[in-house]
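Remarks on the structure that follows.
Computed from the coordinates by the stated procedures, all read-outs in this text should not be read as laboratory data. The shown structure was predicted, so the numbers you read here are calculated from the model rather than taken from an experiment. Note: ideal-geometry Cβ built from the backbone for every residue, glycine included; neighbour counts use all protein chains shown.
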Amino acid sequence: MRTSIGRIRGFARSAARALALAGALLAGGAAAQGSAKATFAGGCFWCMEPPYDKLPGVVSTTSGYMGGSKRFPTYEEVSTGTTGHAEVVQVVYDPAKVSYEKLLEVFWRNVDPTVRDRQFCDVGSQYRTAIFYHDDGQKRLAEASKAALEKSKPFKAPIVTPVQAAGEFWPAEDYHQDYYRKNPVRYKYYRTGCGRDERLKELWGKAGD
């Protein structure tokens, strides 16, 4: 009996989470009307929200998961590195106020594009870098941006960040959203301890945003 009750409760929790995530996806789609979406994987999604949030023309940023096969993945599942997902930030922006090229520029300057399946102190495929394009125009611009950077980059190592088609986006749990605002002290401690800004300065000549 206890086992059956436990299974029922587990199913109820899963169903509730599925409904919540579906609602978040629908809300995101509504907010995006008249705007455009861009999705980037740059390691810990906590650190990828701030540089876009302060960019004029950005409507919203949402931390989440993309690139895996499991539906409704949880943070605990993605953290194991077995679901195939990467931590990503999905940016809703107004193309009349900020260009996709500018979003790409911000992306590059906030990641280490020379390593695979890791970013700074975080190791695993879930922390890989990637540009997930949503249409042919974004694909063309992303590939052009990468090619131009290969010629002008201030470091010798090759750029290994892939440009690939966007898959289904799954918003992360609420406590991950705007983490740097909700928990500024913990966020700063994590970011500093992870060596993110130190490495970005080595690569680009200045720390991240």
Worksheet entry | Any hit, region 161-172, residues being hydroxyl-bearing (Ser, Thr, Tyr) and closer than 21 Å to Tyr65 by Cα | yes
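Residue check: is Tyr52 part of a helix (DSSP H, G or I), under 18 Å from Phe132 (Cβ atoms) and touching a strand residue (DSSP E or B) at 6+ places or on another chain (Cβ under 9 Å)? First the steps, then the outcome.
Working: part of a helix (DSSP H, G or I): yes; under 18 Å from Phe132 (Cβ atoms): yes; touching a strand residue (DSSP E or B) at 6+ places or on another chain (Cβ under 9 Å): yes.
Answer is yes for this residue.
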Worksheet item: Among (1) touching a Ser or Thr at 6+ places or on another chain (Cβ under 6 Å); (2) in a helix (DSSP H, G or I), where does Leu203 come up short?
Response: (1)
Fill in: Residues located in region 33-48, provided they are more than 19 Å from Thr161 (Cα to Cα) and either in a strand (DSSP E or B) or within 8 Å of the chain's Cα centre (by Cα) (or both)
Ala36, Lys37
Item to complete: Pick out, from region 126-196, the helices (runs of 4 or more DSSP H) lying fully within it that include 1 or more residues that are in contact with a strand residue (DSSP E or B) (Cβ under 9 Å, 6 or more places away or on another chain) and among the basic types (Lys, Arg).
Response: 136-152
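Touching a Pro at 6+ places or on another chain (Cβ under 9 Å) and without any contact (Cβ under 8 Å) to a residue 60 or more places away in the chain, is that true of Lys97? Step through it out loud before you land on a result.
Values: touching a Pro at 6+ places or on another chain (Cβ under 9 Å): yes; without any contact (Cβ under 8 Å) to a residue 60 or more places away in the chain: yes.
Criteria met by Lys97.
Looking at region 124-160 only, could you name the residues that are polar (S, T, N, Q) and over 14 Å from Gly67 (Cβ atoms)? Write out each step before concluding.
If we filter region 124-160 for residues that are polar (S, T, N, Q), which is where we start, we get 125-126, 129, 138, 145, 152.
Result: Gln138, Ser145, Ser152.
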Discussion item. If I filter region 140-156 for residues that are in contact with a Ser or Thr (Cβ under 8 Å, 6 or more places away or on another chain) and more than 22 Å from Val78 (Cα to Cα), do I get at least one hit?
Written reply: yes
